[in-house]
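Student: Have a look at this one before I ask anything.
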Amino acid sequence: MKVAFTLLEADMMRFATAVISLGCLPTALAGAEPELRLLNPPGLFQPSTFSQIATVRNGRLVLVSGQTARDAQSNIVGHGDLKAQTLQVFENLKLALAGAGADFADVAKLTTYVVNLKPEDRLMIANVIGNYFPGGRRPAHTLVGVNALAVEGLLIEIEAIAVVQD
Amino acid sequence: MSEKRFINPPGLKPLGMYSNVACARGGTLVFISGQVAIDAQGRVVGKGDMEAQAVQVFENLKLALEAAGATFRDVLKFTIFIRDLSPEARKAVMNVRSRYISADRPPAATMIGIDRLVEEDLLLEIEAVVMVDDK
């Protein structure tokens, strides 16, 4: 019962994001060289693994659907292994971003959904993020624990917002 | 100067104080990471108290907005994640939110009931998409 609820709400959220972004924003952002800034203002908790704020000026906005640990043949990679699935997700994100002419340096924000989220998962995910975002540049990030993802066996899903040259 | 529009088109009735559609152009987009009830020292504020946590979350959002040169009037969309979502929990969060946002042009919003957050004591997390005028 709770599973169905979570999936429905997740779908609603994606829909809402698409309405805002595809309906309004790309035209607003057309034009000059994109500028991505990542900030951690004083007064807020200072995270080492993400930035509290990402600002994007100009450029073309890229919205990447939530990526899961499924390969090009739709097989789940890393059954029961959150770390293996996380690595596959980042490889998929890399491919998705490349498809839009972007790479990890262009990412403003990630949203991560983890089934049965445990405190130690955060460290593992932060380590993987560290490997894909070199030089201390960390995008804004929201991490939530969910009941289930779209297909049984999937343990993690990550979506991304990036900006590229228009 | 950026331009923002908050729309509730005919046929779509909002269930609370939010806009179904937010449009914006001509400024800098700001993404604020999900804020939780943690203070600058990393301590959880308001254990077991949804309303107290919501106040801390909105105070954190306020700080983040100020750092980006924005106010709550510049927020286009909130995504609100609530642990063990119930009508009481929703009401507590909405009461706090109504003190911070303007009733005449509320941002778009999505609310999601979730399983848990990164720390056991955290009850809600709110992220925001914002547009500010270019400097």
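Student: Working carefully through the options B:R83, B:R97, B:R73, find the one that is more than 12 Å from chain A (Cβ to nearest Cβ), crowded, with 19+ Cβ neighbours inside 10 Å and among the charged types (D, E, K, R).
Tutor: B:R97
Student: I'd like the full set of residues that are touching a Leu at 6+ places or on another chain (Cβ under 7 Å) and within 11 Å of chain B (Cβ to nearest Cβ), limited to the stretch A:135-159.
Tutor: Those that are touching a Leu at 6+ places or on another chain (Cβ under 7 Å) and within 11 Å of chain B (Cβ to nearest Cβ): A:R138, A:P139, A:H141, A:V144, A:G145, A:A148.
Student: Just name the residue that is farthest from the chain's Cα centre (by Cα) out of those in the stretch A:123-132 that are within 14 Å of chain B (Cβ to nearest Cβ) and under 10 Å from A:T49 (Cβ atoms).
Tutor: A:L123
Student: Shifting gears a bit: Take the residues of the stretch B:21-68 that are touching a Lys or Arg at 6+ places or on another chain (Cβ under 8 Å) and more than 8 Å from chain A (Cβ to nearest Cβ): which is surrounded by the most Cβ atoms within 10 Å (Cβ to Cβ)?
Tutor: Among those residues, the one meeting the criterion is B:A54.
Table: residues versus (1) at pLDDT 95 or above; (2) under 22 Å from A:R37 (Cβ atoms); (3) in contact with a Cys (Cβ under 9 Å, 6 or more places away or on another chain).
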position	(1), (2), (3)
A:Q88	yes, no, no
A:T111	yes, yes, no
A:P119	no, no, no
A:N127	no, no, no
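The values are calculated or read from the model by the stated rules, or taken from the named source; none is laboratory data. The shown structure was predicted, so the numbers you read here are calculated from the model rather than taken from an experiment. When we count neighbours, we look across all protein chains shown, and the Cβ atoms used for this are built from the backbone with ideal geometry, even at glycine.
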